[in-house]
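Q: Structure in structure tokens, see below.
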Amino acid sequence: MDKRIAIVFGTRPEIIKFSSIIKHCQEKEIPFFTIHTGQHYSHEMDKIFFEQLQLPEPDFQLSVKSSAAFMQGEHTGKMMEGIEKIILKERPSDVLVEGDTNTVLAGSLVTAKVATVQQLVSFKPRLGHVEACLRSYDKSMPEEMNRVISDHLSDFLFAPTENAKQNALKENLSEKKIFVTGNTVVDALQLMEKQIEKNNAVQKLGLKEGEFALFTLHRQENVDVKERLQSILQGVAQFAKKTGIQVIWPVHPRARKMLGKFSIPVPKEIRQEKPLGFLEFLQLEKNAALVLTDSGGVQEESCILKVPCLTLRENTERPETVEIGANKVAGWKAGAIASAANEMLSKKANWKQPFGNGKAGEKIVDIVLKH
Ligand code: UD1
Ligand code: UDP
């Protein structure tokens, strides 16, 4: 069967982390097509990344906007319906998904189900999970559920680190399927390196290098629970007050929605901004004194950019960052956040990042082509 790769994505981090794979396919003239589920759709969560990373327009756009948080079955189901039609018509040899979103779950389930009816449809797509085998061991998170299911359905597990590979082996996933590739986020940062240098977002926002903290928050378990959202904001504000460090918060649409729903005022110590483009965000991240976040990708990037990070969750599926001293898991209680932020602020960035050499995308495509 001739190779033709389907690349399925739908959210901000997936667009970013698929960028090097898409570019490698273009450069080497490897047949591929892209499916955008439309999970993220606002310009600053979607189009801006295509523009800045110079990615081709998606070949298929499903426009399945995310629905209410308590309707994730409907959300995933609609995406599955759209993806299935395209897979059956286009008959790719391989389908790639990236990360742990509902888009990943939909793409993985459809691919695995089509493979079970190979006799009827006369082809069998293989599933490759990029950034596979991460585990928080917290099944209350939708992301953990999505990752576990996708990993157990996949033919290729592209684990970013050796630690991730060990997680998969503990679940008796076949070693033959696991490839330690590094994380494609390193590729994306290298791709943008020169442009980050030239970007002047720090100056434009009236900030001074190394004198501000960058804050992001969007995870369901944090922003959809009033007590937690309030407590995190208080903790971050306490830290800002005590240290005099200005905190910049590009507010994710989900957090924006929940602030309104709960009528929670944002403390004056936290300066709100709209979600930033990748370049602007990376410029801020690189020049921040501290990063405070519940994002997965931001934990990785701050580690790579040598800026200490505080994770505003009870656990992390990126424990490598904690082990090398780049990250600390602070939970959601205000007091714990304020004191851990203080501690991390004085952290010396002398760690070696564990996410690879920027060739993950290339390795992943080569593995798919070779097997
Ligand atoms: C999703 C992923 C999460 C990932 C995050 C990246 C799931 C279960 N969650 O969370 O793992 O870390 O993306 O940012 O897949 N909204 C907009 N415009 C947009 C996108 C979202 O206004 O472009 C608002 C909508 O009100 C929407 C809400 O944000 O209902 C939540 O969006 P959704 O995609 O369901 O979840 P995220 O929190 O973005
Ligand atoms: N990001 C961005 N602008 C922002 C906030 C984040 O470009 O205002 C980028 C960030 O550089 C990282 C990615 O978005 O690459 C992380 O996505 P997010 O935090 O939404 O999701 P997660 O990684 O938690 O799944």
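Quick note: the coordinates plus some simple rules give every number you see, no bench work behind them. What you see is a predicted model, and the numbers here were worked out from it, not measured in a lab. Positions of Cβ are generated from backbone atoms using ideal geometry, with glycine treated the same way; all protein chains shown enter the neighbour counts.
Q: Give me the distance in nm between label points sitting 7 Å out from Cα along the Cα-to-Cβ direction at K170 and H152, one decimal.
A: Label-label distance for K170 and H152, simple model: 1.6 nm.
Q: I would also like to ask the following. Assuming a viscosity of 1.002 mPa s and a temperature of 20 °C, what translational diffusion coefficient in µm² per second does Stokes-Einstein assign to the stretch 108-264, Rh being the Kirkwood radius over Cα pairs? Each step should come with its number before you reach the end.
A: Numbers: Rh = 19.4 Å.
Roughly 111 µm²/s, to the nearest whole number.
Q: Taking N as the number of residues in the stretch 251-307, what is its Cα Rg relative to 2.2 N^0.38 Å? Working shown, then result.
A: Working: Rg = 12.8 Å, N = 57, 2.2 N^0.38 = 10.2 Å.
Cα Rg divided by the expected 2.2 N^0.38 Å: 1.25.
Q: Cross-link list K47/K176; K65/K363; K17/K124; K47/K89; K194/K226: which exceed 30 angstrom alpha carbon to alpha carbon?
A: Details: K47/K176 37 Å; K65/K363 32 Å; K17/K124 26 Å; K47/K89 26 Å; K194/K226 41 Å.
Over 30 Å Cα-Cα: K47/K176; K65/K363; K194/K226.
Q: Quote the FRET efficiency, to the nearest 0.05, computed for K139 versus E90 with a Förster distance R0 of 45 Å and r equal to the Cβ-Cβ distance. Walk me through the numbers before you get to the answer.
A: Details: r = 34 Å, r/R0 = 0.75.
Working from the Cβ atoms, E equals 0.85.
Q: Now for a separate question. Go through the stretch 106-122 residue by residue and turn each phi into a ³J(HN,Hα) via Karplus (6.51, -1.76, 1.60, θ = phi - 60°); whole Hz please, and just put x for glycine and proline.
A: These are the phi-based 3J(HN,Hα) values: 4, x, 5, 4, 4, 4, 5, 6, 4, 4, 6, 10, 4, 5, 7, 9, 6 Hz.
Q: In a solvent-free Debye calculation with one equal scatterer on each Cα, what is log10 I(q)/I(0) for the stretch 181-331 at q = 0.09, 0.11, 0.14, 0.17 Å⁻¹, listed in the order of the q values?
A: -0.26, -0.40, -0.66, -0.99
Q: How would you rank C309, C25, going from fewest to most other Cβ atoms within 10 Å of each one's own Cβ? Kindly include the intermediate steps, with their values, before the conclusion.
A: Values: C309 31, C25 23.
With the fewest neighbours first, C309, C25 line up as C25, C309.
Q: Would you mind checking the radius of gyration and Dmax of the stretch 19-81 based on alpha-carbon positions, in Å?
A: Taking only Cα atoms of the stretch 19-81, I get Rg and Dmax of 13.7, 42 Å.
Q: How much net charge surrounds L259 when only other residues with a Cβ under 12 Å from its Cβ are counted (Lys, Arg +1; Asp, Glu -1)? Provide the component values of the computation, followed by the final result.
A: Working: positive: K226, R254, R256, K257, K261; negative: D224.
It works out to a net charge of +4.
Q: Can you put E144, E193 in order of Cβ neighbours within 10 angstrom, beginning with the fewest?
A: Numbers: E144 18, E193 12.
By the 10 Å Cβ count, ascending, the order reads E193, E144.
Q: Can you give the alpha-carbon Rg of the stretch 179-261 over 2.2 N^0.38 Å, where N counts its residues? Walk me through the intermediate numbers first.
A: Details: Rg = 16.4 Å, N = 83, 2.2 N^0.38 = 11.8 Å.
Rounded to two decimals, the normalised Rg is 1.39.
Q: While we're here: May I ask for the distance between the Cα centers of the stretch 1-78 and the stretch 293-333, given as a whole number of Å?
A: 26
Q: How big is the stretch 247-360 in terms of Cα radius of gyration and Dmax, in angstroms?
A: Looking at the stretch 247-360, its Cα Rg and Dmax stand at 14.4, 45 Å.
Q: Set the Förster distance to 45 Å, then compute FRET efficiency between K124 and F70 from the Cβ-Cβ distance, nearest 0.05.
A: On the way: r = 35 Å, r/R0 = 0.79.
In this case the efficiency is close to 0.80.
Q: A further question on this structure: Given a Förster distance of 35 angstrom, what is the FRET efficiency for K28 paired with N342, based on the Cβ-Cβ distance and rounded to 0.05?
A: Values: r = 48 Å, r/R0 = 1.38.
Between K28 and N342 the formula returns 0.10.
Q: From largest to smallest, what semi-axes in whole angstrom does the chain give when each is the square root of 5 times an eigenvalue of its alpha carbon gyration tensor? Mind dumping the intermediate values first?
A: Details: eigenvalues 235, 90, 78 Å².
After diagonalising the Cα gyration tensor, the semi-axes are 34, 21, 20 Å.
Q: Sticking with this one: Cα extents of the stretch 16-126 along the three principal axes, largest first, in whole Å?
A: 43, 42, 20 Å, listed from the longest principal axis down.
Q: Hey, another quick one. Going by C-beta contacts inside 10 Å, put H129, H24 in order with the fewest on the left. Intermediate results must be reported in sequence, preceding the final value.
A: On the way: H129 28, H24 21.
Fewest-to-most ranking of H129, H24: H24, H129.
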